[in-house]
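Single-structure report; data block below.
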Amino acid sequence: MIERLRAPEDPEKWLQDLGIDAQTWSAGPGTHFDVHSHAQPKRLAVRRGSIQFNNEWLHAPDTIRIPAGFEHSAHVGDDGVECVEGFEQRSAS
């Protein structure tokens, strides 16, 4: 299950403080990411726009944690999206 987290004031610093390498990415309106999963838990903060994960919409500044092995798909909203994310390398809280 995708876990909603309290939105940090500075997502990059938050990830770095957790020992996570922060990566920023963006996608255009209507971009679709097919069902997939990750070997490690992922933390993601929406910086701009919106994205839908498994039929649940996220808008800036929503922040989530996707557990390792959890199957999910994503669909970008009408205004595109910019996110910062990273994979947990160790037990992060």
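Just so you know, all these numbers are worked out from the coordinates, no wet-lab data involved. Please read these numbers as outputs of a predicted model, since none were measured by experiment. Using ideal geometry, Cβ is built from the backbone for each residue, glycine included, and neighbour counts are taken over all protein chains shown.
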**Report entry** Check: the chain dipole with +1 on Lys, Arg Cβ and -1 on Asp, Glu Cβ, in debye
**Finding:** 200 debye
Query - Surrounding net charge for Ser50, when Lys and Arg each add one and Asp and Glu each subtract one, Cβ distance under 13 Å - result: -3
Report summary line: When the charge dipole of the range 1-79 is computed with +1 on Lys and Arg Cβ and -1 on Asp and Glu Cβ about the Cα centre, the Cα farthest towards its positive end, among Thr31, Pro67, Asn54, belongs to Pro67
**Report entry** Rg to Rh quotient for the chain, alpha carbon positions, Kirkwood Rh
**Finding:** 0.93
Report task. Using Cα pairs closer than 8 Å and at least 6 residues apart in sequence, work out the relative contact order for the chain, in percent. Result -> 42 percent
Query raised in the report: Which whole-Hz couplings ³J(HN,Hα) result when phi for each residue of the range 82-88 is put into the Karplus expression 6.51 cos²θ - 1.76 cosθ + 1.60, θ = phi - 60°, listed in order with x for Gly and Pro?
Result: 10, 10, 10, 8, x, 9, 5
Report task. Would you mind computing, in nm to one decimal, how far apart the modelled labels at Asp79 and His36 are, each placed 7 Å from Cα along Cα→Cβ? Result -> 2.6 nm
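Give me the net charge of Ala60's neighbourhood, meaning all other residues with Cβ under 12 Å from the Cβ of Ala60; Lys, Arg count +1, Asp, Glu -1. Mind showing how you got there, number by number?
Details: positive: Arg47, Arg48; negative: Asp62, Asp79, Glu82.
Summing Lys/Arg as +1 and Asp/Glu as -1 gives -1.
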